[in-house]
There are 2 protein chains.
Amino acid sequence: MPNNNMKTIEGGVTAPQGFVANALSCGIKKPTATRLDLALLYSTLPTTSAGTFTTNKVRAACVRVSQSHIRRNDIRAIIANSGNANACTGVEGINVARRECRIVAKELGIRQGEIAVCSTGVIGLPMPMQRIEPRLPELAAGLAPDKGHDVASAIITSDTREKEIAVEITLQGKPVRLGACCKGAGMICPNMATMFCFLTTDAAVARPDLEKLTCDAVETSFNRITIDGDMSTNDTVLVMANGASGVTVRPGTPDWKTFSDAVHHVMLEMALHIVQDGERVTKFVTVEVEGARTFADARKVAEAVAKSSLVKSSWNGNDPNWGRIVHAVGYSRANVREELIDVDIAGLPACRGGLQTDTPSDNLREAVLAQAFTVRIDLNMGDAGYTVYTTDLSPEYVDFNRSEYAYWNQAKRDGLTK
Amino acid sequence: MPNNNMKTIEGGVTAPQGFVANALSCGIKKPTATRLDLALLYSTLPTTSAGTFTTNKVRAACVRVSQSHIRRNDIRAIIANSGNANACTGVEGINVARRECRIVAKELGIRQGEIAVCSTGVIGLPMPMQRIEPRLPELAAGLAPDKGHDVASAIITSDTREKEIAVEITLQGKPVRLGACCKGAGMICPNMATMFCFLTTDAAVARPDLEKLTCDAVETSFNRITIDGDMSTNDTVLVMANGASGVTVRPGTPDWKTFSDAVHHVMLEMALHIVQDGERVTKFVTVEVEGARTFADARKVAEAVAKSSLVKSSWNGNDPNWGRIVHAVGYSRANVREELIDVDIAGLPACRGGLQTDTPSDNLREAVLAQAFTVRIDLNMGDAGYTVYTTDLSPEYVDFNRSEYAYWNQAKRDGLTK
């Protein structure tokens, strides 16, 4: 995917020209916390933009507001916070998200509709606006081109590390840059997760072209990852192109291919970073399905295997349990025939024609000791394939997700819940 | 459901007249093990019978053989074993299952096609027939009317206890008995699980009536339970009616209502026993959905909530996390409107119209400390409802399912795998 023209650079979302950022510590989750939790990303030039959002029917207030803004306008600024998802918060949640946009728009001298707002954290508690609202002017005032990394820091929740990338390609003799940051790390499931990804570029791209490219790249990156099979209320991918490089890219040209490959590369890298940093995860597993009758069948099989609690538990235990994989293939509702199923684990034949192979089980066990491996399933019924990137399921994941008391306790102290 | 005519009795599957059983310890999982692992249940009189089987496209050899037998014959005997599922074992697995039937048929003087065979345990390893086959004559020779409990013992795997029930009703002035035993406890998911249930009765029932009744009762019992969302290759429910009570029951009569209620009661009890004994489970949760536009919508919502790793983890942590419940409702693909969703947890209003209620969070937390509680979700869009019985997800579940090495190690010693 990365072509020899592409090089990795520093700077994250503010690596492309004309993008500035800032982040503050507002104590959204807890007043005494000192970590960054409120960020602003802004293009000093007008943009074209594209976005994709959760398909969960329960959508956070911020998603509703961002969707309505991007439908009518191009997005030039993103306000993002961690510590509260502003989800299941009703009309008041929408008012809060709009108020954030209104205040920042005034500070930046742009229209409210040019701002997207992204929140992540606990569901069902009102936003502690008493700690956010007074800080918004300061947030806008401090925008600078060297604070891209702070955005990556401010949006993470249960992630163990910041996730960002920036690349430079050369088009028409000029450098064109792309930057991105994203966050995971629970509720990760195909069709978007509790994840954000913000991608910036200083290429100039017509909005319909940017929209199509964004959809395509999301389809083969964020929609191919699953950690726990739970789809969030807040997932958002936002792409802003501001043309500051002086280079315009158009479909059908060789430049488009280079640019489009770079977007795909950046999104896939971000998606894989999310999986690799999944909550309490110890394995990174690529589930490759081939030989399916249809694309839909290949997808059903890959997702059934990648979501099976029993399969994922066995990976956690370094158990190359091909029987559990075949059983998940069987209940996937795809068109499969047991006697045709082949399974390779970490490059070793584990199952042929639905039966065990001669591969010594010790060899299979040794192969799955690796932190990353591929499970290849050939249905031997056709030409369609699908790949999902996933993880094991660990006792620690469950333990980690047992309770969100801390959020509720703080909300009670804030007078936001009973 | 249980009517005042019904009383619980002892004896399990051999409580009804004319049923005998036996079980042996063959060391199927491990030669040195002393637990019962091979059972035979037999009706000394001809029967009518009905069965439902896994809908997994990967079906165990024993399921294939049992299905082909019950299609053409009424089943009079069931051979059941734990320790090996005889799944993903190909033609050799089918030959093995048929050979078991042939040997037992000869001992009992019945036809091979009158026998069903049910195996549960590890997937993908050949059956250790060298330890099973020589014991089959002894198994048949020791059949007795007081060994129903041994069948319940021999079929359990990761279950922590035997699951059986027997009831007596009075019809036409005569006692009519029903007995059942079942096993769980992992891979439990709607549309049948790694579970067996054998139900016997000494009522006389015409086969088409018994088949319809079995399907109906399975639909509202075993198809309503989920522990880990994994559907097994071996699920089997078998019902045998032998008429030994001298009472014939026919649909459309008051007796039928009494009998049918008893069958439903027995199956639901067995299904709930499976959930309550789920692998490393600490909570029994009833998810009741109402107010759905359609039955299919109600089912999607109930299953999404009951299968969500995040929701189940929160139950394990005694966290009354209604936000995660609403988020699972949202991704269920059912027709829902966030602003209409009400959620009650353990009888307390937790969410109204998609928003938090005034119920103090301390009260909600106290309510979910109970070992069993109900989550009631009203979609407020129609009249359809659906109920699923489920459990929490515990770190111990994952830990327990990390590896099945013991099986493979034994199979290697047996020369059945490399």
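Whether any residue in the range B:229-243 is in contact with a strand residue (DSSP E or B) (Cβ under 6 Å, 6 or more places away or on another chain), in contact (Cβ under 8 Å) with a residue 24 or more places away in the chain, of a type outside the set (A, V, I, L, M, F, W, C) and within 12 Å of another protein chain (Cβ to nearest Cβ) is what I want to check.
Taking every residue of the range B:229-243 in turn, at least one turns out to be in contact with a strand residue (DSSP E or B) (Cβ under 6 Å, 6 or more places away or on another chain), in contact (Cβ under 8 Å) with a residue 24 or more places away in the chain, of a type outside the set (A, V, I, L, M, F, W, C) and within 12 Å of another protein chain (Cβ to nearest Cβ).
Of the conditions (1) free of Cβ contacts under 8 Å to residues at least 24 places away in the same chain; (2) part of a loop (DSSP other than H, G, I, E, B), A:Gly246 fails just one. Which one is it?
So A:Gly246 meets the others, but not (1).
The rows are residues; the columns are (1) in contact with a Ser or Thr (Cβ under 7 Å, 6 or more places away or on another chain); (2) at pLDDT 95 or above; (3) of a type outside the set (A, V, I, L, M, F, W, C).
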residue: B:Leu310; (1), (2), (3): no, no, no
residue: B:Trp315; (1), (2), (3): no, no, no
residue: B:Asn321; (1), (2), (3): yes, no, yes
residue: B:His327; (1), (2), (3): yes, no, yes
residue: B:Glu338; (1), (2), (3): no, no, yes
residue: B:Asp344; (1), (2), (3): no, yes, yes
residue: B:Ile377; (1), (2), (3): no, yes, no
residue: B:Asp392; (1), (2), (3): yes, no, yes
residue: B:Ser403; (1), (2), (3): yes, no, yes
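Cβ-Cβ below 6 Å, separation at least six or inter-chain, first residue in the range B:122-134 and within 14 Å of chain A (Cβ to nearest Cβ) and free of Cβ contacts under 8 Å to residues at least 60 places away in the same chain, second in a helix (DSSP H, G or I) and surrounded by 17 or more Cβ atoms within 10 Å (Cβ to Cβ): which pairs?
Close Cβ pairs satisfying both conditions: B:Gly124/A:Gly323.
Restricting to the range B:60-81, and then to whatever is within 16 Å of A:Glu338 (Cα to Cα), of a type outside the set (Gly, Ala, Ser) and crowded, with 23+ Cβ neighbours inside 10 Å, can you tell me which residue is farthest from the chain's Cα centre (by Cα)?
B:Val65
Out of the residues in the range A:82-111 that are of a type in the set (Asp, Glu) and surrounded by fewer than 23 Cβ atoms within 10 Å (Cβ to Cβ), state the one that is nearest to B:Thr357 (Cα to Cα).
A:Glu92
Which condition from (1) within 22 Å of A:Pro16 (Cα to Cα); (2) at pLDDT below 95 is the one that A:Asp146 breaks?
(2)
When you scan the range A:94-107, do you find a residue that is free of Cβ contacts under 8 Å to residues at least 40 places away in the same chain, within 14 Å of another protein chain (Cβ to nearest Cβ) and among the aliphatic types (A, V, I, L, M), even just one?
Within the range A:94-107, one or more residues are free of Cβ contacts under 8 Å to residues at least 40 places away in the same chain, within 14 Å of another protein chain (Cβ to nearest Cβ) and among the aliphatic types (A, V, I, L, M).
Which of the residues that make up the range B:38-82 are touching an Asp or Glu at 6+ places or on another chain (Cβ under 6 Å) and within 14 Å of chain A (Cβ to nearest Cβ)?
Hits for the range B:38-82 are B:Thr54, B:Val58.
Just to be sure before I move on: is B:Ser260 away from chain A (no Cβ under 11 Å), assigned to a loop (DSSP other than H, G, I, E, B) and of a type in the set (Ser, Thr, Tyr) in the structure I sent?
no
State which residue pairs qualify: first residue surrounded by fewer than 17 Cβ atoms within 10 Å (Cβ to Cβ) and inside the range B:336-354, second residue of a type in the set (A, V, I, L, M, F, W, C) and assigned to a loop (DSSP other than H, G, I, E, B) in any location, beta carbons under 8 Å apart, and separation of 6 or more residues or different chains.
Final answer for the pair search is B:Arg337/B:Leu379; B:Arg337/B:Met381; B:Leu340/B:Leu379; B:Leu340/B:Met381; B:Gly353/B:Ile341.
Applying the selection to the range A:83-139, what residues are of a type in the set (S, T, N, Q) and within 24 Å of A:Gly184 (Cα to Cα)?
Those that are of a type in the set (S, T, N, Q) and within 24 Å of A:Gly184 (Cα to Cα): A:Asn84, A:Asn86, A:Thr89, A:Ser119, A:Thr120.
Give the number of residues within the range A:58-85 that are within 23 Å of A:Ala21 (Cα to Cα) and in a loop (DSSP other than H, G, I, E, B).
Count: 7.
Anything in the range B:317-331 that is surrounded by fewer than 24 Cβ atoms within 10 Å (Cβ to Cβ) and either touching a strand residue (DSSP E or B) at 6+ places or on another chain (Cβ under 9 Å) or among the polar types (S, T, N, Q) (or both)? List them, or say none.
Selection gives B:Asn318 alone.
Inspect all residues belonging to the range B:247-267 and state whether any of them is surrounded by fewer than 24 Cβ atoms within 10 Å (Cβ to Cβ) and touching a Ser or Thr at 6+ places or on another chain (Cβ under 6 Å).
Checked the range B:247-267: no residue is surrounded by fewer than 24 Cβ atoms within 10 Å (Cβ to Cβ) and touching a Ser or Thr at 6+ places or on another chain (Cβ under 6 Å).
Any residue in the range B:404-415 that is surrounded by fewer than 19 Cβ atoms within 10 Å (Cβ to Cβ) and in contact (Cβ under 8 Å) with a residue 60 or more places away in the chain?
yes
Could you list, in sequence order, all residues of the range A:136-150 that are under 17 Å from A:Cys101 (Cβ atoms) and either surrounded by 15 or more Cβ atoms within 10 Å (Cβ to Cβ) or not assigned by TED's automatic domain parsing to the domain that holds A:Lys106 (or both)?
Hits for the range A:136-150 are A:Leu136, A:Leu139, A:Ala140, A:Leu143.
Determine, yes or no, whether A:Arg365 is modelled with pLDDT under 95, among the basic types (Lys, Arg) and over 28 Å from B:Arg64 (Cα atoms).
yes
In the range A:4-57, which residues are hydrophobic (A, V, I, L, M, F, W, C), touching a helix residue (DSSP H, G or I) at 6+ places or on another chain (Cβ under 9 Å), assigned to a loop (DSSP other than H, G, I, E, B) and over 30 Å from A:Thr258 (Cα atoms)?
Within the range A:4-57, A:Cys26, A:Ile28, A:Leu36 qualify.
Tell me which residues, restricted to the range A:377-418, are under 26 Å from the mean Cα position of the chain (by Cα), within 14 Å of chain B (Cβ to nearest Cβ) and outside any helix (DSSP H, G or I).
A:Ile377, A:Thr390, A:Thr391, A:Asp392, A:Leu393, A:Ser394, A:Asn401, A:Arg402, A:Ser403, A:Glu404 - these are the residues of the range A:377-418 that are under 26 Å from the mean Cα position of the chain (by Cα), within 14 Å of chain B (Cβ to nearest Cβ) and outside any helix (DSSP H, G or I).
The values are calculated or read from the model by the stated rules, or taken from the named source; none is laboratory data. Small disclaimer: the values here were computed from a predicted structure and weren't measured. Neighbour counts are summed over all protein chains in view; Cβ atoms, including those assigned to glycine, are modelled from backbone coordinates with ideal geometry.
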